Amino acid sequence: MSSSRKPAIQIAWKTVTYRSVVLAILGVAILFSIGIRFAFPQFTANGLKAADNFGNKLLEAVAGAAGPVKSGAMSSEQAHITALDGTVRVKKANSNSWVNADYNVPLDKGDVVQTGSEGMAKIVFNDGTNYTVKQDSLIVVEENSTNDQQQTNVAVAVSTGTVDLTTAMYNQGSKSQVTVAGATASLSPDSAAHVSNDPKSDQHEIVMTKGNAEVERNGQIVHLADWEKANWRADSAQIEKSKEIGSPVPISPANMMPIFVSKGGKSIEFSWTKMTNAVGYRIQIAHNPYFTKPVVNRKVDTADILVSGLSEGVYYWMVQSYDAHGKESSESEKNRFNIIPKQDDSAAVIALDLDPFTQHGHVIELTGKTEIGARVMVNGQEVPVIGVDGSFHYFTPPLPPGESVITITAQNKKGGVKTEQKKVVIQ
């Protein structure tokens, strides 16, 4: 070695990839397993079997926790009461006792709703179908579910009384049905019907006021369109189908509307939709929804009328149309209104502050604040809960696609009123 070169430490290495390491470990594991297999055959067989059983049990436990997976499986939904008036009771499917209905009592499959002699309840289901249960009626929720494809299945049995129902634009493959005295009506989307079941007089009928329906009874199928009626008796072999005169829709006064009048009183305008096949209309106004003693019972040939002389208090009004032969239509909705004496002008000042609307699909969420103790109504429906500070919170029923106007009215006990209107667009 040359004396000019100094001794040094020499370092050398060989590159080994991760792939090579993994293959080497795998090879050693295979050789080890083969050796154990030949040395202890019984031990290895039992070990593999135990490992397989453990794996299967683990998978079963995981699957069980997640629940069975079935195509088109239905999950139960709840319906909700959005309007109440008078005596309304609910009997839950798992109970034998009746409770007073309120906005916080959800409705499930098997629940029963009963209205009293002056009771009314509006129920909205998860598919957007809503039922207005009239006085002295009893209905049973037979089905209310949604599957994994968002197809809904709603079915209600009308045991006795009168129900008006409206279906929404639900998904294809969904069902909305109503059962009446052995007949089942399947309604198309965006349809409306008037259903009546009177077991005492053995009168049962379904009147389509909009859209289409298919009524099935004892193997007979009857198709109904606008203003067509299906009626039958218990011993009838066939369903009878007939054409009805269109029933007007009340416009003003709107349902639950307060009307403030001065001491001298004023004339109140009543108006309704005009029917093309009608030659006249009969309007009735009464203090009760039965119209046993109407304070106004008048025939007119126009779709509006001015009525004077009504004192303060709660009233109901309805209208019917009739043709050239005097045949009358079914009764319209029975709108309720309240005549309240108006106080001095200072009472007209009332606060109404609205927060920006929140949209949840076809449902609009409203929040705001008004005077403490005031009433708030949204599109004629009274807001069920108002906070002690005057704040309120309300969800509208499902709105149809397109532009809708939401009217919010606040009123105090002195006759002060403030109204706000907002336009919303549902895509």
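Summary table below
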read-out	value
Any hit, segment 238-248, residues being open to solvent by 40 Å² or more (accessible area, probe 1.4 Å), part of a strand (DSSP E or B) and modelled with pLDDT of 95 or more	yes
Answer residue from segment 211-226, given it is under 24 Å from the mean Cα position of the chain (by Cα) and not in a strand (DSSP E or B) and is modelled with the lowest pLDDT among those	ASP226
Matching residues in segment 151-190 - criterion: being under 16 Å from TYR131 (Cβ atoms), touching a Lys or Arg at 6+ places or on another chain (Cβ under 8 Å) and open to solvent by less than 30 Å² (accessible area, probe 1.4 Å)	THR152, VAL154, ALA155, GLY161, VAL163, ASP164
Some residue of segment 263-284 being in a strand (DSSP E or B), modelled with pLDDT under 90 and either open to solvent by 30 Å² or more (accessible area, probe 1.4 Å) or under 25 Å from ASN379 (Cβ atoms) (or both)	no
Unmet criterion (only one of (1) more than 16 Å from PHE260 (Cβ to Cβ); (2) crowded, with 19+ Cβ neighbours inside 10 Å) for ASN412	(1)
Residue list for segment 379-405, filter: surrounded by 19 or more Cβ atoms within 10 Å (Cβ to Cβ), assigned to a strand (DSSP E or B) and under 16 Å from the mean Cα position of the chain (by Cα)	TYR394
Count - residues of segment 183-195 that are in contact with a strand residue (DSSP E or B) (Cβ under 6 Å, 6 or more places away or on another chain) and outside any strand (DSSP E or B)	1
Scope segment 112-121; condition part of a loop (DSSP other than H, G, I, E, B) and either crowded, with 21+ Cβ neighbours inside 10 Å or of a type in the set (Ser, Thr, Tyr) (or both); matching residues	SER117, GLY119
Every residue from segment 208-255 that is closer than 30 Å to GLU269 by Cβ and either among the charged types (D, E, K, R) or free of Cβ contacts under 8 Å to residues at least 12 places away in the same chain (or both)	LYS210, ASP226, GLU244
Elements of type strands (runs of 3 or more DSSP E) in segment 291-364, at least 2 residues being farther than 18 Å from ASN379 by Cα	296-300, 304-307, 313-322, 335-341
So ASP198, is it within 15 Å of the chain's Cα centre (by Cα), at pLDDT 90 or above and open to solvent by 40 Å² or more (accessible area, probe 1.4 Å)	no
Number of the condition not met by GLN359 [criteria: (1) buried (at least 19 other Cβ atoms within 10 Å of the Cβ); (2) out of contact with any Ser or Thr (no Cβ under 8 Å at 6 or more places or on another chain); (3) more than 30 Å from ARG282 (Cα to Cα)]	(1)
Check on LYS334, among the basic types (Lys, Arg), in contact with a strand residue (DSSP E or B) (Cβ under 9 Å, 6 or more places away or on another chain), in contact (Cβ under 8 Å) with a residue 24 or more places away in the chain and open to solvent by 40 Å² or more (accessible area, probe 1.4 Å)	yes
Only one of GLU403, GLU382 that is acidic (Asp, Glu), closer than 25 Å to SER262 by Cβ and in contact with a strand residue (DSSP E or B) (Cβ under 9 Å, 6 or more places away or on another chain)	GLU382
Given (1) under 26 Å from ALA193 (Cβ atoms); (2) open to solvent by 20 Å² or more (accessible area, probe 1.4 Å); (3) among the polar types (S, T, N, Q), number of the condition SER321 does not satisfy	(2)
Odd one out for GLN135, checked against (1) in contact (Cβ under 8 Å) with a residue 60 or more places away in the chain; (2) within 18 Å of the chain's Cα centre (by Cα); (3) surrounded by 17 or more Cβ atoms within 10 Å (Cβ to Cβ); (4) in a loop (DSSP other than H, G, I, E, B)	(2)
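The values are calculated or read from the model by the stated rules, or taken from the named source; none is laboratory data. Remember, predicted model here, so these are calculated numbers, not experimental data. Cβ atoms come from the backbone with ideal geometry, glycine included; neighbour counts cover every protein chain shown. Accessible surface is based on the protein model in full, side chains and every heavy atom, while ligands, DNA and RNA are left aside. Shrake-Rupley method; radii C 1.70, N 1.55, O 1.52, S 1.80 Å.
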